[in-house]
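> Could you have a look at this structure, given as structure tokens, before my questions?
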Amino acid sequence: MFLGDKGKEKTPKYRNVRYNYDVLIDDEKKSLLKLSQNLGFYDIVFDEKIKDVETCYDTPTNLLTNTGLIIRKKNTPQRSYFTLIRLSDLRRVEDRERKEFLGECEPKDQPSDFPVQIADKINEVFNNLFTVNLVDIIKHTTPYIVCELSGNRYKIISGTGYEAEVCFEWMKVKNMRNGKRARLRNFSVAFSLDPNYEKEREHILWVIERYCKEFVPLTKNHLEVAEIAVRTRVPKENPEAQKGKGKGKKKEERQEEGE
């Protein structure tokens, strides 16, 4: 059952952005302690356990992801909903990713169950710029990448009342097409882009960069990282081996001509 905007939170005034990091040394308590000691007048408080499942959908030929679009279903203990993630080639993390809410759904619902409703929402987001038949594309989408997220979510609260979110996550990833699996560790920090709190955001990012060397910044979101980890590898041909094959083939042709 497609529930549309039922249960959707009020649209925030400012967009959110999430920075993702690879974890070289996994010691959550030590990392939290370093953050707490170096942030100054900030408190870090436990928020909740993470127990989410994210599913990325696409056509068999990856029509959506190849054009920078991801249809995602997110199942949390509280709700399930579809979102559209738009990716660009821009380098700045703040500008690279946009998320658009598509609609609430039941946990087992698939985009292909509601192609008209989801196509209408996507056209609404893009002001009907698509010339392709979106309904037909969505009808042919199937689960591509499934990512089970577990871990802990914390809040960083400044003395000015500004809040940021940090997550330590384990990601169990499965490619539904080739069966490949991976287990990844991820650290992330999320902010509201309220211009009144730009200094707070810069300070938090500076502390992570300066004191948490175990975190390596990523330019991709966690679904992109997950897809890379379980994609089908295409073996590269050795140029020298190819030359050898070519010589062998020519030799065989000469021998046949001589006969």
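> Please return the ranges of helices (runs of 4 or more DSSP H) entirely within segment 88-139 where 2 or more residues are out of contact with any helix residue (DSSP H, G or I) (no Cβ under 8 Å at 6 or more places or on another chain) and either under 20 Å from LYS13 (Cα atoms) or among the basic types (Lys, Arg) (or both).
Of the helices (runs of 4 or more DSSP H) lying wholly inside segment 88-139, those with at least 2 residues that are out of contact with any helix residue (DSSP H, G or I) (no Cβ under 8 Å at 6 or more places or on another chain) and either under 20 Å from LYS13 (Cα atoms) or among the basic types (Lys, Arg) (or both) span 93-96, 115-125.
> Going through segment 110-125 one residue at a time, which ones are farther than 19 Å from SER80 by Cβ and surrounded by 14 or more Cβ atoms within 10 Å (Cβ to Cβ)?
ALA119, ASP120, ASN123, VAL125
> Could you list all residues from segment 58-98 that are without any contact (Cβ under 8 Å) to a residue 60 or more places away in the chain, surrounded by 15 or more Cβ atoms within 10 Å (Cβ to Cβ) and of a type in the set (D, E, K, R)?
LYS73, LYS74, ARG86
> So, one more: Within segment 48-63, take every residue that is part of a strand (DSSP E or B) and touching a helix residue (DSSP H, G or I) at 6+ places or on another chain (Cβ under 7 Å) and give me the one that is farthest from LEU134 (Cα to Cα).
Going through the qualifying residues, I end up with GLU54.
All of the numbers you see were taken from the coordinates with simple rules; none came from a lab. Note that the structure is predicted; figures quoted are calculated from it, not measured. Neighbour counts are summed over all protein chains in view; Cβ atoms, including those assigned to glycine, are modelled from backbone coordinates with ideal geometry.
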